[in-house]
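Colleague: Take a look at this one; I'll ask things after.
The values are calculated or read from the model by the stated rules, or taken from the named source; none is laboratory data. Source: prediction; values computed, not measured. Cβ atoms come from the backbone with ideal geometry, glycine included; neighbour counts cover every protein chain shown. Note: areas computed on protein heavy atoms with side chains; ligands, DNA, RNA excluded. Shrake-Rupley method; radii C 1.70, N 1.55, O 1.52, S 1.80 Å.
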Amino acid sequence: MLVFLVPVVLLTAAVLGYYAGGGLTAVVAFAVTPGVLPALAIINIALAAWRVAAGIDAARATNRPGLAIAVLGPAILFLVVAPHLWVGTTIAATNDLLDTTFARGDTPTETEPPDDEATIPPDWTFPPDGEDYATDPPQSTLPPGEPSPDATNAPRPPGTSGAGSLPPLGVAVPWQRPGAVPWGDDGKFDLLLLGSDAGPYRWSRRMDVMLLVEIDVSSGKVGMIGIPRNLINTPLPPGKARNAVACGCFTDLLNALYVEATFRHPDRWPGSGSVEGIGAVRSTISELTGRPIDAVLVADLWGVIKVVDAMGGVDVDVPTTLYDPKYPDPVYGRIELLIKAGQRHLDGRLALAYARSRHSSSDYARMSRQQALLLAIRNQIGAGTILNAPGLFKAAKGFAWTDLPRESLPNLVNLFGKAQGASVKQLRIVPPKFPEWLTASEVTKIRNAIASLLGVPPPAPSPSPTPAVSHAPAPAASPPTSTPAPTSGGAAPP
């Protein structure tokens with residue numbers, strides 16, 4: 001019996017030592033240190049073999065070894081083999097997820113856009129009305145808890161979402177990649193979360209979710225700044241792109257900047273392929289907010305479905321009924337969506353719909369729902385999530401990309417441990433306080449509001465662009481009297 005218990009006692013003592021030194025956060029931080037998970041996998045196998053051998057040896061030492069083995073056999077199966085199998089599966093799934101999500105190496109790759117701009121459909125975010133998919137399924141109403149449509153409205157594959165257009169690991173980035181300590185000397189960790197939409201009727205991606213999350217390194221306090229997709233005249237960072245436009249700003253909707261950098265004017269942006277587009281969004285949001293961005297995390301929105309389903313769904317307090325008569329469900333096409341007000345348990349598809357629908361409300365209401373969903377997921381992470389870690393990690397694999405390296409994980413775990421129970425301040429750059437059509441004074445107002453939220457000094461005003469010789473200056477347009485959707489012209493830069 002002592003032989004059976006010795007390695008377990010030693011391993012338990014080591015874990016308790018880490019736990020005593022810093023709680024569960026310290027244990028997880030140690031586990032995700034590069035090289036630790038493979039070592040733990042080997043230890044798990046050796047420990048399982050040791051315990052099985054010790055059990056069999058103890059049974060053979062009795063007066064009736066046959067009976068003892070018959071009794072111990074099921075016990076060993078359920079109390080030794082099954083737990084070690086779960087541990088091994090969890091370790092493998094965790095290591096695989098980390099290897100396929102976090103950056104490593106510096107080999108540049110490139111993704112080529114299509115040859116003809118005419119191939120870009122008119123609506124990159126949602127399938128156009130009447131052209132949902134190759135077969136136009138009938139509409140259906142899907143309130144929470146209702147069964148899915150029958151076989152006559154069969155699900156379709158997820159198209160290209162999550163496959164092929166996220167940057168590969170090890171791709172070169174046109175900015176300084178984070179290190180093991182992924183924040184700068186300002187004591188703040190600024191992470192840009194981008195929810196990218198790709199799939200049928202979209203050859204490229206649009207960044208329809210843009211959220212800047214800042215965590216104070218010492219206190220763990222969190223600030224969340226929601227960036228609307230439909231800002232117009234967003235100031236561009238210094239460089240070719242800024243100098244090429246008289247206003248020094250991006251005169252289309254902000255969520256089209258990825259396409260601008262990867263297809264329309266790739267010569268104005270550093271980098272290549274999909275990282276060029278991510279870099280353009282990254283640097284422009286940094287210019288708009290006045291905050292240095294330490295790292296980027298891009299998630300394919302299709303992955304939200306798989307991850308929330310792997311969590312067993314998510315509980316969300318829906319303040320007002322959400323009704324969308326033509327929501328573009330990624331599985332069933334255009335549907336009639338109804339999520340009633342109240343405490344709701346949403347599966348992955350309805351959670352994505354809750355965060356994504358905008359036809360019956362607005363982009364700004366959608367931003368509020370997105371932040372609420374993120375907080376609901378954060379609050380639901382607990383013992384059940386941990387026990388289902390292999391399924392959760394398998395679901396998340398392939399639907400995210402980040403420039404953060406694996407060696408930064410221990411520091412990130414410690415930081416997120418502080419943030420888990422810390423206060424969260426939120427700011428949404430929405431009307432009527434902040435208009436869609438930006439001017440120099442409005443950009444300054446946005447930067448000052450963000451600085452006030454985060455408790456940092458406001459940034460200095462940006463310099464005016466240096467016009468490129470090859471571009472004739474274009475007259476600045478006046479702000480419209482109604483909600484605009486221009487494709488050219490702009491206000492004076494900040």
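Colleague: Of all residues in region 281-324, which are without any contact (Cβ under 8 Å) to a residue 24 or more places away in the chain and polar (S, T, N, Q)?
Modeller: The answer is Thr320, Thr321.
To keep it simple, each residue is scored yes or no on (1) at pLDDT 70 or above; (2) among the aliphatic types (A, V, I, L, M); (3) within 30 Å of Ala172 (Cβ to Cβ).
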residue	(1), (2), (3)
Gln380	yes, no, no
Leu387	no, yes, no
Phe399	yes, no, yes
Pro405	yes, no, yes
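Colleague: Among the residues of region 312-361, write down those that are touching a Leu at 6+ places or on another chain (Cβ under 9 Å), outside any loop (DSSP other than H, G, I, E, B) and over 24 Å from Arg378 (Cβ atoms).
Modeller: Tyr323, Asp324, Pro325, Lys326, Tyr327, Asp329, Ile335, Glu336, Leu337, Leu338
Colleague: Would you be able to tell me the number of residues in region 288-310 that are open to solvent by less than 30 Å² (accessible area, probe 1.4 Å) and within 27 Å of Gly248 (Cα to Cα)?
Modeller: 9
Colleague: Here is a further query. Counting only residues that are part of a helix (DSSP H, G or I) and open to solvent by 20 Å² or more (accessible area, probe 1.4 Å), which one in region 411-432 is modelled with the lowest pLDDT?
Modeller: Ranking the qualifying residues of region 411-432, first place goes to Gln420.
Colleague: Restricting attention to region 216-249, which residues are touching a Phe, Trp or Tyr at 6+ places or on another chain (Cβ under 7 Å) and open to solvent by 10 Å² or more (accessible area, probe 1.4 Å)?
Modeller: Passing the criteria: only Val217.
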